[in-house]
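Colleague: The structure's right below; bear with me while I get my questions together.
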Amino acid sequence: MDLDLSAVEPFRAEVRAWLRAHVPATPLPSLETEEGFAAHRAWERELHAARLAVVSWPREYGGRDATPLEWLVFEEEYYAAGAPGRVGQNGINLLAPTLFQHGTPEQLARILPPMASGEVIWAQAWSEPGAGSDLASLRATATRADDGWLLNGQKTWSSRAAFADRGFGPFRSDPQAERHRGLTYLMFPLDADGITRRPIGRIDGKPAFAELFFDDVFVPDRDVIGRPGEGWRVAMSTTGNERGLTLRSPGRFLAAADRLLELWRAHGDPADTALRDRVADAWIKARAYRLKGFETISRTEDVGAESSINKIFWSELDLALHETALDLLGPDGELAGEWLEGYVFSLAGPIYAGTNEIQRDLIAERVLGLPRTGR
Amino acid sequence: MRFILDAEQKLFGETLDKLLTEAGTPGVVRDWAAGTHEPGLALWRSLAGAGVLAIAVPEHAGGAGLLPVELVTAFHELGRHGAPGPYVETVAAAVLLDRLGDQPLTGVRGDGPLAAAWLPRIAEGTAVVSLTLPPAVPYALDADTAHLVLTADRQVLHTATPREPYRSLDPARRLFTVVPGDVPASGPAVAVAAAEAYDMGVLVCAAQLVGIGRRLLEVTVEYARTRRQFGRPIGEFQAVKHHLANALVGLEYARPLVHGAALACGSPDFPREVSAAKVAASEAAYTAAKIALQVHGAIGYTDEYDPTLLIRKARTLHTAWGSPTTHRARLITTLTRI
């Protein structure tokens, strides 16, 4: 498929003009704080009012039916404008695609519009104390009850769960079944009776995630995604989005690379060719990621396991970009600010969404065809 | 804009792959290294017959028109098979001669003897050309096999005569310093044309590198699937798997840069795009080569093993046509120019 880059220019211009008029002049407080979370939620409402919160979704749920190319262009403009981080991204980028694939019409109609407007912010609840990379060993249970399920057990490292409204994740509904079977994918309110949440400070102390304890939390049948017992398959359909383009679009890295270049121009020592080369590499890789994105949306076949290649690339690029910026800033690199916030965020990249070690295993086995082995 | 190959371009690549496979290219490379050039020149003519050189020459000069995406497709295959000979140099020379053809020059015009005489022969595969573009390309590759040797030094274009060759890490690359001779063209236009020729050389060199890396990854994966130690294929070991996954990640992101640079041909961004592509392709191919060597173990370190031909070539092309450092510096200079 050919991509008509000139045909999307009017859309690009509209997005750019709107962002220029609306992006806050001073950065919002960190979205990993209570105050910042609220400010980012208000920003989501503003974006939504302009129908820019979820451009690629169908109109009926608050989107614009944007093509993948338009979506990439939106993302480029969004990050180039220095617009706030997306507090609703776990819902928009991880839960919504799962619902589009496995949800009922009732679920789509009920869940997507308030997600688009920022009224309901979602947290992903997958990991458990004993189930990190080995997600299929999860033990939190969903037990059959009248017209629904009772959740028990513990989830952890749940991003945004400190301040979010609702959560989603897989629970073990059939303890007798083989470990990849017998899971059910459920959605639940984070303020439900029986849920205790304990915010966890991330490496810089901000409560970016939380631990969740479930004690007979009732979830009605209408909040099961897909069929009971098929939670693994449903969950895995999310991972392609999480590792692929959807979660980390090229726009954010292009914008960061351009800002890094500005920083080099302003503060770089021309004699420091080692640092200069790192700036160049960040720019080259951001550009590679953009071109690869165009390649991906030009293809008709499913990207499948190749999303693991993507995940390694963007997470390592994000970290390298921010490390380079901090090194460039020298003694100012440790001071609170946008670069440091981005750096702290990027440190988690090689860990979440399946560690990069897991991704390398998947690439070796599923893309290159090397023999599978037990881990 | 097309960011993936169309059916015809894919078929072109597959045709060349088949041709190069059937030609027994590793044997051709060994002959070439030993100074027996005829099999390599025969391969040159077959590849030209398949259109590999016509796509570097404009239609009015007897070619198929300069087709950058087709060129990188072809050079990817030349890289995968390690075809010997000054292909990159001949493509660069075609660009040089053609660009000078548009300029009113002292000594000769493009529609005068040089371009008119050589471009049609390049297109049909009857002229092998080598060149130097000092300082970035100081040696004329395989100049002893070339029918025409050029050197474009700043504003002066010379025909040139090769001296004795230097030995390269890759014995199939014979590198010659040259003695400048006649001056068929001089003036600022020579420098402009030489810069364009350089960029095109860098682009196809980058494409060749990605092809080399790709092939090395393919053969190394196959080796890891079949070579057994401790009672199982070494490809079951996580350390080996991760090496190979890393090689793939690098190559997967070098390819779109090469394709993107080909699409940028003719735009003012072309120099910076080819620099980005060369950095990524050099690093990805050289990384793949080191991983191929490591995973193969001692056999990869031997002269007799065919993939070794590519391991050596990856190293030589890493720094040929501008090292990664050179291109990073050029990129930053371009990007920070106010």
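The values are calculated or read from the model by the stated rules, or taken from the named source; none is laboratory data. Small disclaimer: the values here were computed from a predicted structure and weren't measured. Methodologically, a virtual Cβ is constructed for each residue, glycine included, from the backbone with ideal geometry; neighbour enumeration extends over all protein chains shown.
Colleague: If a residue must be assigned to a loop (DSSP other than H, G, I, E, B) and either closer than 30 Å to B:Arg2 by Cα or away from every other protein chain (no Cβ under 14 Å) (or both), how many such residues does the stretch A:327-350 contain?
Modeller: The number of residues fulfilling the criteria is 5.
Colleague: So, one more: Take B:Gly201 and tell me if it is at the interface with chain A (Cβ under 8 Å from one of its Cβ atoms), in contact (Cβ under 8 Å) with a residue 24 or more places away in the chain and either under 18 Å from the mean Cα position of the chain (by Cα) or part of a helix (DSSP H, G or I) (or both).
Modeller: No.
Colleague: Return the only residue of B:Ala172, B:Ala160 being in contact (Cβ under 8 Å) with a residue 24 or more places away in the chain and part of a loop (DSSP other than H, G, I, E, B).
Modeller: B:Ala172
Here's the yes/no breakdown for (1) in the same structural domain as A:Lys285 (by TED's automatic domain parsing); (2) surrounded by fewer than 20 Cβ atoms within 10 Å (Cβ to Cβ); (3) without any contact (Cβ under 8 Å) to a residue 60 or more places away in the chain:
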| residue | (1), (2), (3) |
| --- | --- |
| A:Glu301 | yes, yes, yes |
| A:Gly304 | yes, yes, no |
| A:Asn310 | yes, no, no |
| A:Glu316 | yes, yes, yes |
| A:His322 | yes, no, no |
| A:Ala325 | yes, no, no |
| A:Gly337 | yes, yes, yes |
| A:Val344 | yes, yes, no |
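Colleague: Further question on the same structure: Being buried (at least 20 other Cβ atoms within 10 Å of the Cβ), β-branched (Val, Ile, Thr) and within 21 Å of the chain's Cα centre (by Cα) is the filter; apply it to the stretch A:8-67 and report the residue that is nearest to A:Ser117 (Cα to Cα).
Modeller: Out of the qualifying residues, it is A:Val54.
Colleague: Being more than 8 Å from chain B (Cβ to nearest Cβ), over 25 Å from A:Thr98 (Cα atoms) and in contact with a Phe, Trp or Tyr (Cβ under 6 Å, 6 or more places away or on another chain) narrows it down to one residue among A:Ala282, A:Ala286, A:Ala266, A:Ala256; which is it?
Modeller: A:Ala286
Colleague: Tell me the helices (runs of 4 or more DSSP H) entirely within the stretch B:258-338 that contain at least 1 residues that are surrounded by fewer than 22 Cβ atoms within 10 Å (Cβ to Cβ) and away from every other protein chain (no Cβ under 11 Å).
Modeller: Details: elements: B:270-296, B:306-319, B:324-336.
Correct list: B:270-296, B:306-319.
Colleague: Identify the residue in the stretch B:41-58 that is part of a helix (DSSP H, G or I) and among the small types (Gly, Ala, Ser) and, among all such residues, is surrounded by the most Cβ atoms within 10 Å (Cβ to Cβ).
Modeller: For the stretch B:41-58, the residue satisfying everything is B:Ala56.
Colleague: For residues that are more than 11 Å from A:Leu368 (Cα to Cα) and not hydroxyl-bearing (Ser, Thr, Tyr), scanning just the stretch B:220-233, find the one that is nearest to the other protein chains (Cβ to nearest Cβ).
Modeller: Keep residues of the stretch B:220-233 that are more than 11 Å from A:Leu368 (Cα to Cα), which gives B:223, B:226-233.
Retained after the next criterion (residues that are not hydroxyl-bearing (Ser, Thr, Tyr)): B:227-233.
Values: B:Arg227: 12, B:Arg228: 11, B:Gln229: 13, B:Phe230: 12, B:Gly231: 13, B:Arg232: 8, B:Pro233: 5 Å.
Here the answer is B:Pro233.
Colleague: Suppose the filter is farther than 28 Å from A:Leu31 by Cβ and either crowded, with 19+ Cβ neighbours inside 10 Å or of a type in the set (Val, Ile, Thr) (or both); does A:Ile358 pass it?
Modeller: Values: farther than 28 Å from A:Leu31 by Cβ: no; either crowded, with 19+ Cβ neighbours inside 10 Å or of a type in the set (Val, Ile, Thr) (or both): yes.
No.
Colleague: Among what's in the stretch B:1-40 and is of a type in the set (Asp, Glu) and part of a helix (DSSP H, G or I), pick the residue that is farthest from B:Glu304 (Cα to Cα).
Modeller: Pass one, the stretch B:1-40, residues of a type in the set (Asp, Glu): B:6, B:8, B:14, B:17, B:22, B:31, B:38.
After this cut, where a residue has to be part of a helix (DSSP H, G or I) as well, the list is B:8, B:14, B:17, B:22, B:31, B:38.
Working: B:Glu8: 36, B:Glu14: 27, B:Asp17: 22, B:Glu22: 20, B:Asp31: 13, B:Glu38: 21 Å.
Checking each candidate, the answer is B:Glu8.
Colleague: Checking the condition within 23 Å of A:Gly169 (Cα to Cα) and in a helix (DSSP H, G or I), which residue from A:Leu72, A:Leu47, A:Leu94 passes?
Modeller: On the way: A:Leu72 fails: within 23 Å of A:Gly169 (Cα to Cα); A:Leu47 fails: within 23 Å of A:Gly169 (Cα to Cα).
None of the other options fit; the residue is A:Leu94.
Colleague: Looking at A:Ala286, A:Ala320, which is the one that is out of contact with any strand residue (DSSP E or B) (no Cβ under 8 Å at 6 or more places or on another chain), over 22 Å from B:Ala261 (Cα atoms) and either assigned to a helix (DSSP H, G or I) or at pLDDT 95 or above (or both)?
Modeller: When all the criteria are applied, what remains is A:Ala320.
Colleague: Looking only at the stretch B:234-253, filter to residues that are among the hydrophobic types (A, V, I, L, M, F, W, C) and either farther than 23 Å from B:Gln294 by Cα or more than 7 Å from chain A (Cβ to nearest Cβ) (or both); which one of those is surrounded by the fewest Cβ atoms within 10 Å (Cβ to Cβ)? Outline the logic, then answer.
Modeller: Applying the first criterion (among the hydrophobic types (A, V, I, L, M, F, W, C)) to the stretch B:234-253 yields B:234, B:237, B:239-240, B:244-245, B:247-249, B:251.
Keeping just the survivors that are either farther than 23 Å from B:Gln294 by Cα or more than 7 Å from chain A (Cβ to nearest Cβ) (or both) gives B:234, B:237, B:239-240, B:247, B:251.
Numbers: B:Ile234: 21, B:Phe237: 18, B:Ala239: 9, B:Val240: 22, B:Ala247: 27, B:Leu251: 25.
Ranking the qualifying residues of the stretch B:234-253, first place goes to B:Ala239.
Colleague: Show the residue pairs that are 6+ apart or on different chains and have beta-carbon atoms under 6 Å apart, the first residue being within the stretch A:111-139 and under 15 Å from A:Asn152 (Cα atoms), the second being of a type in the set (Lys, Arg).
Modeller: Qualifying pairs under 6 Å: A:Ala125/A:Lys155; A:Glu128/A:Lys155.
Colleague: If you don't mind, there's one more thing I want to ask. Inspect all residues belonging to the stretch B:241-250 and state whether any of them is within 17 Å of the chain's Cα centre (by Cα) and either modelled with pLDDT under 95 or among the hydrophobic types (A, V, I, L, M, F, W, C) (or both).
Modeller: Checked against the condition, which is being within 17 Å of the chain's Cα centre (by Cα) and either modelled with pLDDT under 95 or among the hydrophobic types (A, V, I, L, M, F, W, C) (or both), the stretch B:241-250 yields no hits at all.
Colleague: From A:Thr355, A:Thr373, A:Thr296, A:Thr324, which residue is more than 8 Å from chain B (Cβ to nearest Cβ), over 25 Å from A:Glu32 (Cβ atoms) and of a type in the set (Ser, Thr, Tyr)?
Modeller: None of the others qualify; the one that does is A:Thr296.
Colleague: Name the pairs whose Cβ atoms lie under 7 Å apart, with the first residue in the stretch B:1-30 and within 14 Å of chain A (Cβ to nearest Cβ), the second exposed (fewer than 12 other Cβ atoms within 10 Å of the Cβ), and 6 or more positions between them or separate chains?
Modeller: Here the result reads B:Met1/A:Asp2; B:Arg2/A:Asp2, each pair linking the stretch B:1-30 to a residue that is exposed (fewer than 12 other Cβ atoms within 10 Å of the Cβ).
Colleague: Go through (1) modelled with pLDDT under 95; (2) charged (D, E, K, R); (3) surrounded by 24 or more Cβ atoms within 10 Å (Cβ to Cβ) for B:Glu89 and report which single condition fails.
Modeller: (1)
Colleague: Does A:Leu247 count as away from chain B (no Cβ under 11 Å), under 23 Å from the mean Cα position of the chain (by Cα) and within 23 Å of A:Pro350 (Cβ to Cβ)?
Modeller: yes
Colleague: Filter the stretch B:124-136 down to residues that are surrounded by 19 or more Cβ atoms within 10 Å (Cβ to Cβ), under 20 Å from B:Leu317 (Cα atoms) and touching a Gly at 6+ places or on another chain (Cβ under 7 Å), then give me how many there are.
Modeller: So in the stretch B:124-136, the residues surrounded by 19 or more Cβ atoms within 10 Å (Cβ to Cβ) come out as B:125, B:127-133.
Those still in the list that are under 20 Å from B:Leu317 (Cα atoms) too: B:128-133.
Narrowing the set further to residues that are touching a Gly at 6+ places or on another chain (Cβ under 7 Å) leaves B:128.
Residues in the stretch B:124-136 being surrounded by 19 or more Cβ atoms within 10 Å (Cβ to Cβ), under 20 Å from B:Leu317 (Cα atoms) and touching a Gly at 6+ places or on another chain (Cβ under 7 Å): 1 in total.
Colleague: Just to be sure, is A:Gly91 touching a residue at least 12 places away in the same chain (Cβ under 8 Å), surrounded by fewer than 21 Cβ atoms within 10 Å (Cβ to Cβ) and not hydrophobic (A, V, I, L, M, F, W, C)?
Modeller: Spelling it out, it is not the case that A:Gly91 is touching a residue at least 12 places away in the same chain (Cβ under 8 Å), surrounded by fewer than 21 Cβ atoms within 10 Å (Cβ to Cβ) and not hydrophobic (A, V, I, L, M, F, W, C).
Colleague: Identify all residues within the stretch A:180-191 that are modelled with pLDDT under 95 and loosely packed, with under 15 Cβ neighbours inside 10 Å; write none if there are none.
Modeller: A:His180
Colleague: Taking A:Ala177 as meeting all but one of (1) loosely packed, with under 15 Cβ neighbours inside 10 Å; (2) among the small types (Gly, Ala, Ser); (3) at pLDDT 95 or above, write down the number of the exception.
Modeller: (3)
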